[in-house]
Ligand code: 6PG
């Protein structure tokens, strides 16, 4: 049974990023102290950019045991890694190129492939190998970052797409009609296996959707993000005041 999500309202995207960076450092350190790797799936879009910047600078750059950190992505656009829209590209420029993380610890989705299905299959194989999974097993990420679009998508799980009903595969290529392009995304079974999911949402334009998502009937989910329910993990929403402006105060913990 999924635990009830926590909703933390913070002043702005900078405070969201600080909280998200603190969690990254805390979890990575705990795993390293146990002699274990720290597996994290990064999200794309604009909201996590400040997080990347923070992690690349003091004190996080020094605090995080980068040699133990294994980086993956929750989704990727079908563009080359140096394209302005590449989720890998943004994280590489703002974070990974600035910290001492071994190259072999960075597992990007090959969005540049001219066969998105093959790229998704290849990523699935890379996940199986990195997590040493048997057939039918799903990887349990220590930490997953997600965002939410104003249409309630998360990662590249967009409304009305086939990816929403995928129960077996770890990663799929999904045609997104509204974008007129394929996206490659991890699937719900992977996200919902995670130990900790931080869902970062900032901006007035997300307020209507956030209220509908958090107040909606869990039995009748209308938005893809509502099906993010880690079965044996915690889901923490980190939202700014703009995105939270339509929420009743009893639904959240002001911090
Ligand atoms: C992507 C992301 C996507 C993002 C939301 C929110 O590849 O675009 O994975 O799911 O998190 O669209 O994006 P913003 O943070 O830019 O609002």
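General remarks:
- Translational diffusion of the chain, estimated by Stokes-Einstein from the Kirkwood radius over alpha carbon pairs at 10 °C in a medium of 1.306 mPa s, is 87 µm² per second.
- Based on the convex hull around the alpha carbon atoms, the stretch 1-81 presents an average projected area of 7.3 nm².
- GNM flexibility winner over the chain from 215, 232, 87 (Cα, springs under 10 Å): 215
- Once the Cα gyration tensor of the stretch 127-205 is diagonalised, semi-axes √(5λ) in Å: 23, 17, 9
- The alpha carbons of the stretch 10-158 give a radius of gyration and a Dmax of 15.1, 44 Å, in that order.
- Remark: the Cα gyration tensor places the stretch 54-140 in the oblate category, a/c being 1.5 or greater and a/b not exceeding b/c.
- Förster radius 35 Å - calculated FRET efficiency between residue 222 and residue 11, Cβ distance, rounded to 0.05: 0.75
- For the peptides 162-170, 206-214, residues were scored by their other Cβ atoms within 10 Å and the scores averaged per peptide; the highest-first order is 206-214, 162-170.
- By average C-beta atoms within 10 angstrom, highest first, the peptides 99-105, 113-119, 18-24, 73-79: 73-79, 18-24, 113-119, 99-105
- Ellipsoid equivalent to the stretch 114-255 - semi-axes via the Cα gyration tensor, in Å: 28, 18, 12
- Working ranking of peptides 153-160, 34-41 by packing, defined as the average number of other Cβ atoms within 10 Å per residue, highest first, is 153-160, 34-41.
- Order of 183, 128 under a 10 Å beta carbon neighbour criterion, fewest first: 128, 183
- Dividing the mean sequence gap of close Cα pairs (under 8 Å, 6+ apart) by how many residues the stretch 1-136 holds gives a relative contact order of 21 percent.
- Applying 1/(1 + (r/R0)^6) with R0 = 45 Å to the Cβ-Cβ distance of residue 33 and residue 125 gives a FRET efficiency near 0.90.
- Within the chain, percent of DSSP bridges classed antiparallel, to nearest 5: 30
- Choice from 131, 72, 141 with maximal GNM fluctuation in the chain (Cα, 10 Å cutoff): 131
- Counting neighbouring beta carbons within 10 Å and listing from fewest to most, the residues 94, 148 come out as 94, 148.
- For the stretch 144-255, relative contact order (Cα pairs under 8 Å, six or more residues apart, normalised by length) works out to 30 percent.
- Estimated from helices alone, the mean residue ellipticity of the chain at 222 nm is -8000 deg cm²/dmol (sum of -39500 (n - 2.57) over DSSP H runs with n ≥ 4, per residue).
- Computed over the chain, relative contact order equals 26 percent, with contacts defined as Cα pairs under 8 Å that lie 6+ residues apart.
Every number here is computed from the coordinates shown, using simple stated rules; none is lab data. Being a predicted model, the structure only gives us computed values, none of them experimental. Here Cβ is always computed from backbone atoms with ideal geometry, including for glycine, and neighbour counts include all displayed protein chains.
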